[in-house]
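To start, the structure under review is shown below, and the notes come after it.
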Amino acid sequence: MKMTLFFLLALFPLILPLPVHAQYETFCYYYNNQLVISLNRPAYEGINDNRSEDVKLDYVTRYIYLANPFAAKDFLNNQKLLDMDSARTGSTLKPQAMALQDLYTLMNRDWNPGQFNELNKSLINRIGKDKPLHSSGLVSPDTVIIWLKTYLSTRYGDYNSEKMLTVKKAVRDWTTVFGSVKTIRFAWSNPNPKYGDYVTIQASEWTEKSLLERNAIIKAFHRYNIYLVKNGNNSLAEYCENEDEKHFSFEEMDQKWEHGVRTGKRSAMMTSGQGQQLASMDHNADNSALLNNYFDGTVSRSEHELKMWDANRDSDNRELFSRDNRELAASMLKTSILKELNGTTAGNRLKDNFRIEIAYCDKGYSELKPDGTIVLDEEIIQQYMRLRGFTAASMIKDASQMQELAKYMSPIVVYESARREQDVWAKANNKYKPRTQEDEIDARSLEALYFNEKSRTDSRFAYIFVNAENYSRYAAKRMENAASYTQGRKMFADNVRMECSNLPTISSSTSGLLAGVNKELERRKALSAGERENEFSFITYAEVCYMTPDEIMSSLRDIQEGALVMLSDSLNSGAYEEYNRNAISATRNNFNNIGKTKANESNAGMHSSRVIKEIPPMP
């Protein structure tokens, strides 16, 4: 039977330096849909010897195609080899090496057991068709397990059973998710048993599913499964995150409910029997009658509970801006926010020639338009109005209410202003800049600098966030970000990367684009004159700069050749990496200069249970 070679995969040790001669590289391939592993290639020994540059390049090339990250690192750190490779026709070695080093860095992070969904998002950007790692054998999510298990778990022990379980959950390993069953049945929407509206998936089909497909199937199965799977204490719900960034989930509300019971925050007017009932109940339909009694006034509510539910209820008409009032409020809010930024280190760095709009954002608390306009989410503003008892009309009339809202919204304006600076730099230098994790580290660093400085110099600012933290996800996120920044450069960056795992790194984004652009340029070089005449490309470089990496990859044949060359030069220049490093370092230096304190001494790092007694209560 003819063997079909789908991929070669080098499995590598995590500890440097590698022992020479004593170990062997492991590579594997698919034969009749079965994974075959073979140990017969000498381990990678490095290139620090007297071999010629040509021999060294051929040597590292073989091991990069076998997914060896140490060969990738040696190649990327050797300018002579980089120059030699760039002169080779049709070479995609650099993007592959960048992708391998990026993956190695990713898997070296301290992923804790609860962060498997974040790791899942990170791997979605790296594993799959049309990704540089595909050429090195990492063609499916399951290859990541083989890659880690063969070397990092059994040989060196760096990936213990707990860490490996985190990876298995991240790649949605069949046995880890569904247990011992071989078949699952589910429906994409609410099924009608009469018509058999369900889909059947066999365990043997799982290998061919991408991470995006696996995630979609798990969510659908969790909601509309035909046959429930009993899998010990494991629940499919843990793979289906709450995607609402603006409101606390029901589970989080339950936790706050329980916290209120245990900390004695229930109303003293409740009878002991009512208190016992409430302490033993959850938010579900079976308890709806008692819950309704409790929250419709039959049972008195505490201030804590009122705020919790007010923050997460729908707004009424008094809290909605009219069209004219919305524009007026945005103008007034900008003026008030500039007052808050004035005199702060972050405020001095930012330009004040920006516009603010108030509108509903699909996701998140704010958006940055291509023209640099900062959009503040109206729902978050309404939520704060509900917490404070403000109305749209009262905020327009009362300057003190508008100034209080400005304090509340100013951190996210700093964040978006930092993102705006990134775009301004890219346009001024004619560079292509996709949105990456490094962008987030830069923007969130500046926001954290502002928050920490402001909380030390403005007691009312600190009080607003401390008192809103338990009721508003927005406020909680601002405090978490500021507290994380006080933990140090590396820990903060790791936290941001994990939280923004759905975004690519500069390295992974660049490697993928370079591979696609170089391949397209080589294809065009091979065309005859007649074939060239039959092709039409119309997208300019200026238009490319507004496109996402996915849009570029799907439109390569439509992009003008000169634009492709300029894009390749931009990606290869490393200019944005340098800009990003300098911006992050400048913010950290500014933070150190304002008097860094230990995290547990910072207002921003305080737990919500702490009370700032010297700050008078807000009216």
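Since every read-out is calculated from the coordinates, none of them should be taken as a lab result. Computed from a prediction, not measured in an experiment: that's the story for all the values here. Methodologically, a virtual Cβ is constructed for each residue, glycine included, from the backbone with ideal geometry; neighbour enumeration extends over all protein chains shown.
One table, with the values for the structure above:
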item	result
Additional length obtainable on full extension of the chain from Met84 to Asn572, 0.36 nm per residue less Cα span	174.2 nm
Sparse-neighbour loop sites [trypsin sites (Lys or Arg not before Pro); the range 63-103; at most 15 other C-beta within 10 Å; DSSP]	Arg88
Estimated inter-spin distance, Ala359 and Asp550, nm [label 7 Å along Cα→Cβ]	2.1
Inter-site label distance for Asn317 and Val565 at 7 Å from Cα along Cβ, in nm	6.5
For the range 71-85, Karplus couplings with θ = phi - 60° (6.51, -1.76, 1.60), whole Hz, Gly/Pro x	5, 4, 5, 4, 5, 5, 8, 10, 5, 4, 5, 4, 5, 5, 5
Highest to lowest packing among 321-332, 366-377, 43-54, scored as the average C-beta count within 10 Å	366-377, 321-332, 43-54
Ranked packing of 94-100, 502-508, 163-169, most packed first, by mean Cβ within 10 Å	94-100, 502-508, 163-169
Shape box of the range 494-542 [Cα atoms, principal axes, largest first, Å]	53, 21, 14
Ratio of the Cα radius of gyration of the range 468-570 to 2.2 N^0.38 Å, where N counts its residues	1.61
Ranked packing of 485-491, 125-131, 472-478, most packed first, by mean Cβ within 10 Å	472-478, 125-131, 485-491
Built amide H within the under 5 Å cut-off of Ala67, gap 5+	Ala10
Additional length obtainable on full extension of the chain from Glu480 to Asn593, 0.36 nm per residue less Cα span	38.5 nm
Nonlocal amide H pairs with Gly137, under 5 Å, H built at 1.01 Å	Leu8
Rg ratio (alpha-carbon, reference 2.2 N^0.38 Å) - the range 396-504	1.17
Environment charge of Phe75, counting only residues whose C-beta is closer than 10 Å and scoring Lys/Arg +1, Asp/Glu -1	+1
Exceeding the 30 Å Cα-Cα cut-off - candidates Lys73/Lys182; Lys73/Lys519; Lys369/Lys454; Lys339/Lys431	Lys73/Lys182; Lys339/Lys431
In order through the range 406-414: 3J(HN,Hα) via Karplus (6.51 cos²θ - 1.76 cosθ + 1.60), integer Hz, x for Gly, Pro	4, 4, 5, 8, 4, x, 6, 5, 4
Extension gain, Arg460 back to Asp352 (0.36 nm per residue minus Cα-Cα distance, nm)	36.5 nm
